[in-house]
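Q: Below: one structure in structure tokens.
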Amino acid sequence: MRWLYLESIRKRWNDAEFMIKVIIILGMTGIMLFCFSDGINGNDFWWHVKVGEFICKNGYVPKEDVFSWLRWEREIPWTAHEWLSEVILYGGYHFFGEAGIFLFSLGAAFGMCALLWKQVRTTWRNNVMISGLYFCLFAILTNAFFYGRPHVFSFFLLYFELKILYDYYERGEGKGVYFIPVIAMLWSNLHGGSANLAYLLCILFLAAGAFEMRWERLENKKLNKKAWVRLAAVTIGSMLAIFVNPIGIRVFLYPYVNLSDQVSMAVISEWQAPDAKNVGQLVLFFLPIAVTAIGLIFGEKKLRLMDCVIGIFFVFLYMRSARFIALWYIAAPFYAFRYVPVSKIKALKSRLDFAAVMVVGVMLVCFVGYGFGRTATLLGSGKIIAKAAEAEAIEFIRKDAPKRLFNDYNIGETLIFHDVPVFFDARADLYSESGILADGVGLMGLRQVAPSEENTEFDAQAVMTKYGFDAFAIMKFRPLYVYLLSHSEKYVLAYEDDVLGYFKVRK
């Protein structure tokens with residue numbers, strides 16, 4: 001029996017497919033551990049956890065702003081479309097601290113990789129080079145998208161909905177489709193900004209399933225009448241399910257209002273269209289999309305219309321806003337891997353082949369160990385989630401207690417976390433309609449955010465007078481910092497560090 005066991009192990013290690021699978025998994029694991037070992041982005045996290053705290057302590061979801069000092073002078077409507085995620089994040093932070101949020105983020109990244117690997121379990125071997133490239137690029141991407149923000153929940157909801165819809169489309173039956181309205185309801189409360197995907201994806205499958213066609217390589221399968229009617233009912237149910245939230249119709253409309261907000265789209269980098277001149281985006285974003293497109297267009301297999309529709313839909317979202325690239329990566333295994341050019345795995349015929357694979361494997365094991373060690377060191381350092389400003393600076397501002405503070409957009413969330421009333425913060429949509437966002441971003445850069453032909457000059461003093469600021473907390477790389485520093489007769493520098501300066505208005 002022992003001999004048979006050892007023989008099975010020997011065969012495994014001589015199995016090229018098995019060894020390549022191990023190499024891809026080791027590479028993906030090592031990359032993720034290494035990327036996460038520098039800590040996770042604190043962008044938005046700190047105000048999200050504060051919203052969760054507010055909801056838990058007050059017992060309701062706010063419909064107006066509760067963190068800006070301007071709320072005492074005017075009503076600022078707020079669609080808190082991520083309230084349930086924020087409660088979860090607050091609970092995680094409250095009970096487990098920064099380490100808990102870090103492990104949640106890392107676990108979510110590994111969990112998504114495992115689900116995507118499961119999705120391609122029968123197609124990854126068609127071309128191991130492309131499969132390895134996809135998973136390694138996605139592993140790099142996880143650190144930029146899988147951290148303490150509500151959109152992490154959207155990623156998993158998207159995966160499960162695509163899984164249900166594709167299974168239903170391919171088989172024409174399945175009770176799992178009835179779970180989609182539940183997904184829509186969860187989506188509207190966890191991350192309402194993307195909840196419209198719940199029914200939009202249904203509509204795409206519904207449209208494609210309405211007819212049958214064959215033209216050259218392109219073909220389309222029609223759902224039978226019963227299956228189509230069932231999916232139509234599920235689509236309507238998904239639309240209605242989005243209204244099951246404490247805010248109501250505003251969540252249903254929010255995604256469309258948000259994407260049509262020109263000011264927010266202009267000033268927030270992750271909302272802007274991708275830039276092919278950026279090397280990182282070129283490699284991580286454009287390259288895999290190009291490889292996928294080549295596979296679809298020049299492949300030999302029959303091309304399903306449904307796959308083309310889904311591919312074009314997610315590429316369109318990405319071209320609209322670079323932040324949607326993560327959605328494209330999650331959708332790609334459902335339609336793209338079946339069309340990659342086939343390249344068979346060669347057997348390990350010689351000892352040299354086996355030795356080369358073993359060397360690569362050992363190197364990757366060391367890489368994983370190195371990443372694990374760095375991650376363990378990070379967890380012991382106490383500096384796990386990044387903050388835009390140093391604790392000493394925030395404490396100085398908090399103790400000084402300005403009544404009408406102008407704060408840098410980037411530090412708004414950190415101020416909120418430390419109970420300092422802000423002028424504006426990363427909740428861009430909240431401040432856009434009232435003009436606060438345009439005034440604030442314009443003041444930071446001393447320029448018009450969206451200049452018109454009639455008004456191209458920016459009057460900084462007019463904006464300051466409009467809001468009556470009595471203090472300024474501004475990053476040192478902003479033009480406003482230089483402006484305040486050069487007008488020492490009006491503004492006194494009360495505090496500075498390597499990151500920001502805090503000015504007070506001379507009385």
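The values are calculated or read from the model by the stated rules, or taken from the named source; none is laboratory data. These numbers come from a predicted model, not from an experiment. Neighbour counts run over all protein chains shown; Cβ positions are idealised from the backbone, glycine included. For accessibility, only protein heavy atoms count, side chains too; no ligands or nucleic acids. Shrake-Rupley method; radii C 1.70, N 1.55, O 1.52, S 1.80 Å.
Q: Can you compute the FRET efficiency between Ile312 and Glu17 using 1/(1 + (r/R0)^6), with r the Cβ-Cβ distance and R0 = 25 Å? Round to the nearest 0.05.
A: 0.15
Q: Calculate the dipole size of region 267-345 relative to its Cα centre from +1 charges on Lys and Arg beta carbons and -1 charges on Asp and Glu beta carbons; express the result in debye to the nearest 20. Don't jump to the answer; show the numbers that get you there.
A: Values: 8 positive and 4 negative charges, 49 e Å.
In debye, rounded to 20, region 267-345 gives about 240.
Q: Which FRET efficiency, nearest 0.05, do Met363 and Ser488 yield, Cβ-Cβ r, R0 60 Å? Working shown, then result.
A: Numbers: r = 58 Å, r/R0 = 0.96.
So the FRET efficiency works out to roughly 0.55.
Q: Note down the nm distance, to one decimal, between modelled labels 7 Å out along Cα→Cβ at Asp353 and at Ser381.
A: 4.3 nm
Q: Moving to a separate point now. Rounded to the nearest 0.05, what FRET efficiency do Met319 and Leu103 have when you use their Cβ-Cβ distance and R0 = 35 Å? Spell out each step's value before the answer.
A: On the way: r = 34 Å, r/R0 = 0.98.
Calculated transfer efficiency: 0.55.
Q: Taking amide H positions as placed in the peptide plane 1.01 Å from N, state which residues far from Leu303 in sequence (5 or more) or on other chains have amide H under 5 Å from it.
A: Leu218, Glu219
Q: Calculate, in nm to one decimal, what Val342 and Tyr495 gain on full extension: separation in residues at 0.36 nm each, minus their alpha carbon distance. Show your work: numbers first, answer last.
A: Working: separation 153, 0.36 × 153 = 55.08 nm, distance 6.23 nm.
Working it through step by step, the gained length comes to 48.9 nm.
Q: For region 404-507, give me the percentage of DSSP beta bridges that are antiparallel, rounded to the nearest 5 percent.
A: Values: 10 of 13 bridges.
Of the beta bridges lying entirely in region 404-507, close to 75 percent run antiparallel.
Q: Here is a further query. Percent of accessible area on region 361-495 owned by carbon and sulfur, 1.4 Å probe?
A: On the way: 3680 of 6490 Å².
Reported share for carbon and sulfur atoms: 57 percent.
Q: Can you give the accessible area of Ile242 in Å² (nearest 10), computed on protein heavy atoms with a 1.4 Å probe?
A: 0 Å²
Q: Counting only pairs 8 or more places apart or on different chains, how many lysine pairs in region 140-228 have C-alpha atoms closer than 18 Å?
A: Numbers: Lys163/Lys175; Lys163/Lys221; Lys175/Lys225; Lys175/Lys226.
Within region 140-228, the lysine pair count is 4.
Q: Cut-off under 25 Å on the C-alpha distance; same-chain residues fewer than 8 positions from Lys399 excluded. Which lysines are left, in chain and number order?
A: Those lysines meeting the cut-off are Lys50, Lys57, Lys383, Lys387, Lys476, Lys490, Lys504, Lys507.
Q: How do Lys507, Lys50 stack up against each other in accessible area, from largest to smallest, with a 1.4 angstrom probe? Show your work: numbers first, answer last.
A: Numbers: Lys507 240, Lys50 25 Å².
Final ranking, largest accessible area leading: Lys507, Lys50.
Q: Contour minus end-to-end for Trp215 and Leu115, with contour as 0.36 nm per residue of separation and end-to-end as the Cα-Cα distance? Mind showing how you got there, number by number?
A: Values: separation 100, 0.36 × 100 = 36.00 nm, distance 3.36 nm.
Net length gain for the segment: 32.6 nm.
Q: Evaluate the distance, in nm, between pseudo-label points positioned 7 Å from the Cα of Ile249 and of Ala391 along their respective Cα→Cβ axes.
A: 4.8 nm
Q: So, one more: How long is the gain from Glu64 to Ala233 if the chain were fully straight, where each residue apart is worth 0.36 nm and the alpha carbon distance is subtracted? All intermediate terms of the calculation are to be shown ahead of the outcome.
A: Details: separation 169, 0.36 × 169 = 60.84 nm, distance 3.46 nm.
Here the answer is 57.4 nm.
Q: Quickly rank 104-111, 257-264 as a protection proxy: mean count of other C-beta atoms within 10 Å, highest first.
A: On the way: 104-111: 19.4, 257-264: 15.5.
Going from most to least packed, we get 104-111, 257-264.
Q: While we're looking at this one, here's another question. More than 28 angstrom separation, counting every C-alpha pair in the chain; what % is that? Display every interim value, and only then the final one.
A: Working: 78661 of 128271 pairs.
Considering the chain, 61 percent of its Cα-Cα pairs are separated by more than 28 Å.
Q: Just from its helices, what would the mean residue ellipticity at 222 nm be for the chain, if runs of 4 or more DSSP H residues each count -39500 (n - 2.57) and the sum is divided by every residue, rounded to the nearest 500 deg cm²/dmol?
A: Values: 21 runs with 297 residues, N = 507.
Counting only the DSSP helices, I get -19000 deg cm²/dmol.
Q: Quick one: putting +1 on the C-beta of Lys and Arg, -1 on the C-beta of Asp and Glu, what dipole do you get for the chain around its Cα centre, in Debye to the nearest 20? Walk me through the intermediate numbers first.
A: On the way: 52 positive and 46 negative charges, 497 e Å.
Once rounded to the nearest 20, the dipole reads 2380 debye.
Q: Solvent-accessible area of Val449, probe 1.4 Å, all protein chains present, reported in Å² to the nearest ten, please.
A: My reading of the accessible area for Val449 is about 30 Å².
Q: DSSP loop (so not H, G, I, E, B), at most 16 other Cβ within 10 Å: list which chymotrypsin sites (Phe, Trp or Tyr not before Pro) in region 42-100 pass both filters. Write out the running numbers ahead of the final one.
A: Working: sites: Phe45, Trp46, Trp47, Phe54, Tyr60, Phe67, Trp69, Trp72, Trp78, Trp83, Tyr90, Tyr93, Phe95, Phe96; in loops: Tyr60, Phe67, Trp78.
Filter output for region 42-100: Tyr60.
Q: Hey, what do the phi angles of region 85-96 turn into as Karplus ³J(HN,Hα) couplings, whole Hz, using 6.51/-1.76/1.60 and θ = phi - 60°, x for Gly and Pro?
A: Per residue, the Karplus-derived 3J(HN,Hα) values read 4, 5, 5, 5, 5, 4, x, x, 5, 5, 8, 10 Hz.
Q: Treating the beta-carbon of each Lys and Arg as +1 and of each Asp and Glu as -1, no other charges, what is the dipole magnitude of region 131-278 about its Cα centre, to the nearest 20 debye? Numbers along the way, then the final one.
A: Working: 13 positive and 10 negative charges, 86 e Å.
My answer is approximately 420 debye.
Q: Among the aspartates and glutamates, select those whose C-alpha is under 15 Å from the C-alpha of Lys301, and discard any that sit fewer than 8 residues away in the same chain.
A: Glu216, Glu219
Q: Is the C-alpha gyration tensor of region 191-298 telling us rounded, prolate or oblate? Criteria: a/c under 1.5 is rounded; beyond that, a/b larger than b/c is prolate, otherwise oblate. It would help to have the intermediate numbers written out before the result.
A: Details: a/c = 3.36, a/b = 1.08, b/c = 3.12.
Since a/c reaches 1.5 but b/c is at least a/b, the shape of region 191-298 is classed as oblate.
Q: Here's a follow-up. I'd like the distance separating the alpha-carbon centroids of region 244-295 and region 301-336, in whole Å.
A: Centre-to-centre (Cα) distance: 13 Å.
Q: Additional query: With every protein chain left in place, what is the accessible area per residue of the chain in square angstrom, probe 1.4 Å? Show your work: numbers first, answer last.
A: Working: 24180 Å² over 507 residues.
Computed with neighbouring chains in place, this is 48 Å² per residue.
Q: Find how many whole Å separate the alpha carbon centroid of region 127-143 from the alpha carbon centroid of region 82-96.
A: 30 Å
Q: Rounded to the nearest 5, what is the percent of antiparallel bridges among the DSSP beta bridges in the chain? Walk me through the intermediate numbers first.
A: Working: 14 of 22 bridges.
The antiparallel fraction comes to roughly 65 percent.
Q: Taking the Cα centre of region 257-322 as the origin and placing charges on Cβ (Lys, Arg +1; Asp, Glu -1), which of Gln272, Gly311, Phe285 is farthest toward the positive end of the dipole?
A: Gly311
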